[in-house]
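A quick write-up on the structure given underneath.
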Amino acid sequence: QVQLVESGGGLVQAGGSLRLSCAPSGHIFLFNSMGWYRQAPGKQRDLVAVISASGVTNYADSVKGRFTISRDNAKNTVYLEMNSLQPEDTAVYYCRADQFTTLYWGQGTQVTVSS
């Protein structure tokens, strides 16, 4: 079965940057939308950013101007460049993608921002 694999998480100091990547394992057709969600302990899993197959993007207000989502359709890969990271960005970041009516989720990658 298709799996989404995230990479790039880690520990960073406030004001630092990280770049997350997400790509499917195995063969699959081009995803429709791809995006990133995050979930802090005891909190709801919320949308961070999403990008359509045509490149239309949407961001949570809390990350606008700091995060940038992009995708490489040839590789079926989505990226999230995170700049000016703050402790409130600390969460498990999950990749999500959809194909037709099917949703796929990654296992999540931990992002921890220290003060």
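Annotations
- Any hit, region 20-37, residues being under 15 Å from M82 (Cα atoms) and open to solvent by 70 Å² or more (accessible area, probe 1.4 Å): no
- Options T101, T90; residue that is of a type in the set (S, T, N, Q) and open to solvent by 60 Å² or more (accessible area, probe 1.4 Å): T101
- Contact map, region 1-28: first residue in contact (Cβ under 8 Å) with a residue 40 or more places away in the chain, second residue of a type in the set (D, E), Cβ cut-off under 6 Å, separation 6 or more or different chains; pairs are R19/E81; C22/E6.
- Scanning region 29-58 for residues that are among the aliphatic types (A, V, I, L, M) and within 12 Å of the chain's Cα centre (by Cα) gives M34, L47, V48, A49, V50, I51.
- Subset of region 46-85 that is of a type in the set (K, R) and surrounded by 13 or more Cβ atoms within 10 Å (Cβ to Cβ) - its residue that is nearest to A23 (Cα to Cα): R71
- Matching residues in region 87-108 - criterion: being more than 16 Å from the chain's Cα centre (by Cα) and part of a strand (DSSP E or B): Q99, T102
- Whenever a residue of region 46-63 is on the phi < 0 side of the Ramachandran plot, its partners that are aliphatic (A, V, I, L, M) and open to solvent by 30 Å² or more (accessible area, probe 1.4 Å), lying with C-beta atoms within less than 6 angstrom and at least six residues away or across chains, give the pairs N58/V50; A60/L47.
The values are calculated or read from the model by the stated rules, or taken from the named source; none is laboratory data. Note that the structure is a prediction, hence the values are computed from the model and not measured. In this analysis, Cβ positions are derived from the backbone assuming ideal geometry, glycine residues included, and neighbour counts consider all displayed protein chains. SASA here: full protein model, heavy atoms, side chains in, ligands and nucleic acids out. Shrake-Rupley method; radii C 1.70, N 1.55, O 1.52, S 1.80 Å.
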